[in-house]
Amino acid sequence: INPLFALIFCGFLNLTTSRINFLIFTFMFALSYALLFYLKDYSQILYQMRGIAGNLYTTDIGFVINTFNDINNISWFGIVDRFITNPNGNEPLFWLYVKTANILLFGNASIFVFFHYFVMFVLIAFLGKIVDNKKFVIIVTCILLSNFTTLSNLYEVWRQTIAFLLFFIGIFLFEAREQKWLPRIIIYSTVLVHISMIIPIVFYEVFVFFT
């Protein structure tokens, strides 16, 4: 069965009951969607794609997997050092995660692809739980179905997608918790996952300041 149909069914079920075990749902949700994405054909997007203007560009997923295969050539300090000298594309928090995964998964890029998808869908489930403790399945369903590009970005735009997930987790934790230091650490650390997060962080801080 397509996990999308199963998720929609669970969403309707969540309208009538809140007795859905979050841990079981998260594991089954992340596992099914990670497998769905993992078993796709990557031959067309893994390395390069042709843009609207006809130019070739390196895909984000291809960039990450290529770096995963070569990450052992970069020291732990080197990951941080290259961010200082050239921040764009060298965000240390993401590449420290990649290097750690490389060690734990014995350098197996195929398993890393599955593992990374699993992590992203766990983050989506966690975000849904923060937004609404009882109707989290409905929230998760809305996140995936709100925009077609959501699934596309989860599929191939890894760094920026995981940065945005952490950013929104930080925002909703900021609203839910009395102690604000942890949410702020999460929010600000997204810059070290993808440097483009500077812009939404600035907008959010301006919004918080004036409200």
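Couple of notes before you dig in:
- According to the Kirkwood relation over distinct C-alpha pairs, the hydrodynamic radius of the chain is 18.6 Å.
- C-alpha center-to-center spacing [region 3-21, region 157-177] in angstrom: 23 Å
- Placing unit charges on the Cβ atoms of the charged side chains and taking the dipole of region 125-205 about its Cα centre, the candidate lying farthest along the positive direction among ALA163, ILE138, ILE195 is ILE138.
- Partners for LYS99 among lysines (Cα-Cα distance below 27 Å; same-chain residues under 8 apart left out): LYS40
- Cβ-Cβ FRET estimate between LEU182 and ASN88, R0 fixed at 35 Å, reported to 0.05: 0.80
- Prolate/oblate/rounded label for region 68-136 (Cα gyration tensor, a/c 1.5): oblate
- Share of carbon and sulfur in the accessible heavy-atom surface of the chain [1.4 Å probe, %]: 69 percent
- When only the Cβ of Lys, Arg, Asp and Glu is charged (+1, +1, -1, -1), the dipole of region 48-200 relative to its Cα centre reaches about 260 debye.
- Exposure ranking of TRP76, TRP95, TRP181 by accessible area [1.4 Å probe, largest first]: TRP181, TRP76, TRP95
- For region 115-211, size of Cβ-based charge dipole, Lys and Arg +1, Asp and Glu -1, in debye: 180 debye
- Each of TYR204, PHE29, LEU93 was placed along the dipole of the chain (beta-carbon charges, centred on the mean Cα), and the one lying farthest toward the positive end is PHE29.
The values are calculated or read from the model by the stated rules, or taken from the named source; none is laboratory data. Here the structure is a predicted model, which means the values were calculated and not measured. Don't worry about glycine lacking a Cβ; one is built from the backbone with ideal geometry, like all the others, and counts go over all protein chains shown. SASA here: full protein model, heavy atoms, side chains in, ligands and nucleic acids out. Shrake-Rupley method; radii C 1.70, N 1.55, O 1.52, S 1.80 Å.
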